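One structure is given here, and the rest of the page talks about it.
The values are calculated or read from the model by the stated rules, or taken from the named source; none is laboratory data. Predicted, not measured: the structure shown is a model, and the values here were computed from it. We place every Cβ from the backbone using ideal geometry, glycine too, and count neighbours over all the protein chains shown.
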Amino acid sequence: MKNTLRDLYLEQLQDIYSAESQLVEHLPRFAMKASDSALKQAYSDHLVETKDQLNRMVTMISRHSTIKAGGHTCKAMAGLLKEGQDALEDAGNSQVVDAHLIAASYRVEHYEIAAYKSAISMAKALDEDEEAKMLETNLSEEVAAAKLLNKIADGGLFSSGLHAAAVS
């Protein structure tokens, strides 16, 4: 039961931990399915980041005696990853499959961004400044991951991007 903002904040930490744990299990599958080398590399790199994020979450959770890591399941991430399973099962044109993977990944990244922003606001209100900084580090990595997905999908300065190639 959430009677206080602290109760809600602690639940949010557990929820984020669960979300990141689920993602650690799925990112290698996304990397294996991707055919675009930049997308494969983005998934592999983000797996390393996600493990670091998970470690920061464990550090934060361990500071609170009333909760534990793994004591909660993030249903939203489970649903997002279930949708992402469709991309993993897609057997069509490889560029369209990659676009499907990116679409699923966008949803995941933006969910994580929202979760981190909410938790940061709560941490600051509760004077959990050190935890707010760790959450901000995780947030900045998620924002960078979303931007990289966008760059892969839409292309950079000298390329038309994966989506343009999938149209042809």
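For the range 117-143, the set of residues classified as over 14 Å from GLU20 (Cβ atoms), surrounded by fewer than 23 Cβ atoms within 10 Å (Cβ to Cβ) and among the acidic types (Asp, Glu) consists of ASP127, GLU128, ASP129, GLU130, GLU136, listed by residue number.
Taken over the range 40-54, the residue count meeting the criterion of being crowded, with 21+ Cβ neighbours inside 10 Å and not aliphatic (A, V, I, L, M) is 4. Taken over the range 69-116, the criterion of being of a type in the set (D, E, K, R), exposed (fewer than 14 other Cβ atoms within 10 Å of the Cβ) and at pLDDT 90 or above is satisfied by LYS75, LYS82. Suppose the filter is under 13 Å from the mean Cα position of the chain (by Cα), at pLDDT 95 or above and among the small types (Gly, Ala, Ser); does ALA125 pass it? Against the criterion (under 13 Å from the mean Cα position of the chain (by Cα), at pLDDT 95 or above and among the small types (Gly, Ala, Ser)), ALA125 does not qualify.
Residue selection: ALA34 satisfies the criterion of being within 27 Å of LYS151 (Cα to Cα), modelled with pLDDT under 95 and either in contact with a Phe, Trp or Tyr (Cβ under 9 Å, 6 or more places away or on another chain) or among the hydroxyl-bearing types (Ser, Thr, Tyr) (or both).
Residues to consider are THR66, THR59, THR50; find the one that is over 20 Å from VAL96 (Cβ atoms), out of contact with any strand residue (DSSP E or B) (no Cβ under 8 Å at 6 or more places or on another chain), of a type in the set (Ser, Thr, Tyr) and at pLDDT below 95.
THR66
Do you know which of the residues in the range 1-35 that are touching a helix residue (DSSP H, G or I) at 6+ places or on another chain (Cβ under 6 Å) and in a loop (DSSP other than H, G, I, E, B) is nearest to GLY84 (Cα to Cα)? Per the stated criteria, the residue is ALA34. Taken over the range 23-39, the residue count meeting the criterion of being crowded, with 17+ Cβ neighbours inside 10 Å and either of a type outside the set (A, V, I, L, M, F, W, C) or free of Cβ contacts under 8 Å to residues at least 60 places away in the same chain (or both) is 5. Condition check for MET60 on (1) loosely packed, with under 15 Cβ neighbours inside 10 Å; (2) over 25 Å from GLY155 (Cα atoms): one failure, at (1). Would you confirm whether or not the range 61-73 contains a residue that is in contact (Cβ under 8 Å) with a residue 12 or more places away in the chain, more than 18 Å from the chain's Cα centre (by Cα) and either assigned to a helix (DSSP H, G or I) or farther than 16 Å from LEU13 by Cβ (or both)? Among the residues of the range 61-73, at least one is in contact (Cβ under 8 Å) with a residue 12 or more places away in the chain, more than 18 Å from the chain's Cα centre (by Cα) and either assigned to a helix (DSSP H, G or I) or farther than 16 Å from LEU13 by Cβ (or both), which makes the answer yes.
In the range 7-19, the residues that are surrounded by 20 or more Cβ atoms within 10 Å (Cβ to Cβ) form Cβ pairs under 8 Å with partners that are among the polar types (S, T, N, Q) and at pLDDT below 95, at six or more places apart or across chains, as follows: LEU10/THR66; SER18/THR73.
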